[in-house]
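Have a look at the structure below before the remarks.
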Amino acid sequence: LRNRYDDVALLTVLASPLVGMSNDGLLRVRRAAVRRPIFTAFEKDEPAAGLSPTDHRLSLAFSQRFARLVKRSGEVSLERLCKLVVAEHDYDLACLAMADGDRRYANLRKLARLAAEFEAVRGPDLEGFIRFCDEQATLAAREGEAAIAEEGRDAIVLMTVHAAKGLEFDIVILADQGRE
């Protein structure tokens, strides 16, 4: 929604459960817009050439949903826009059908709440919100890799199993393993 001519973002959306195009369909869409941004193929109804019936149906549905979302993006709050994207593409159902679906769905709801909080402070700035989310993801990645105890010192280190991945310790205690 921020930049329809961002090919990486567009291909990410088309390949994701939001749309679900096949790899062959993505290739054909890319080829339909030679030396141009991929979205130009959607503007000229060209991606249909050579697509499988399923990918053709998915590309038409995406085009229609995208047009509705672009129109609504200037009319609704960031929180509502997040919810519309999820609802328009049935992404909530797709997440719930995946492994760990409850957590994924909770993250969608958290994103909408984060959008509302961002908008309350900075206003309805979609591009600013996307930058904010990117910055938060970068900070979280850096924080996960930060050292929490100096190497070689005797200390108790409290961390998640994920953070301990690949590390070795003489003694490891896993808390709360008796709970069902």
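Each label was represented as a point 7 Å from its Cα along the Cα-to-Cβ direction; for His162 and Glu135 these points are 2.3 nm apart. Taking label positions 7 Å along the Cα-Cβ direction at both Asp154 and Ser22, the computed distance is 6.3 nm, reported to one decimal.
Rounded, prolate or oblate, given the Cα gyration tensor of region 31-72, with a/c below 1.5 counting as rounded? Verdict is oblate for region 31-72.
For region 1-98, GluC sites (Glu not before Pro) meeting the loop criterion (DSSP other than H, G, I, E, B) and having at most 13 other Cβ atoms within 10 Å: Glu75. Rounded to the nearest 10 degrees, the angle from helix 101-122 to the longest Cα principal axis of the chain is 80 degrees.
Rolling a 1.4 angstrom probe over the chain with all protein chains present gives an accessible area of which 52% lies on carbon and sulfur atoms. The length gained on full extension between Ser52 and Gln64, counted as 0.36 nm times the residue separation minus their Cα-Cα distance, comes to 2.5 nm. Here the extension length gained between Leu174 and Glu43 equals 41.7 nm, from 0.36 nm per residue of separation less the Cα-Cα distance.
Based on protein heavy atoms only, the chain ends up with 72 Å² per residue of surface accessible to a 1.4 Å probe. Of Ser59, Ser22, the order by accessible heavy-atom surface (1.4 Å probe, DNA, RNA and ligands excluded), from most exposed downward, is Ser22, Ser59. To one decimal place, what orientation-averaged projected area in nm² is obtained for the convex hull of the Cα set of the chain? For the chain, the mean projected area of the Cα convex hull comes to 15.0 nm².
The values are calculated or read from the model by the stated rules, or taken from the named source; none is laboratory data. In this text the structure is predicted, and so the values were computed from the model without any measurement. Here the Cβ is made from the backbone with ideal geometry for all residues, glycine too, and neighbour counts use every protein chain on show. Heads up: the accessible areas ignore ligands, DNA and RNA and are worked out on the full protein's heavy atoms, side chains in. Shrake-Rupley method; radii C 1.70, N 1.55, O 1.52, S 1.80 Å.
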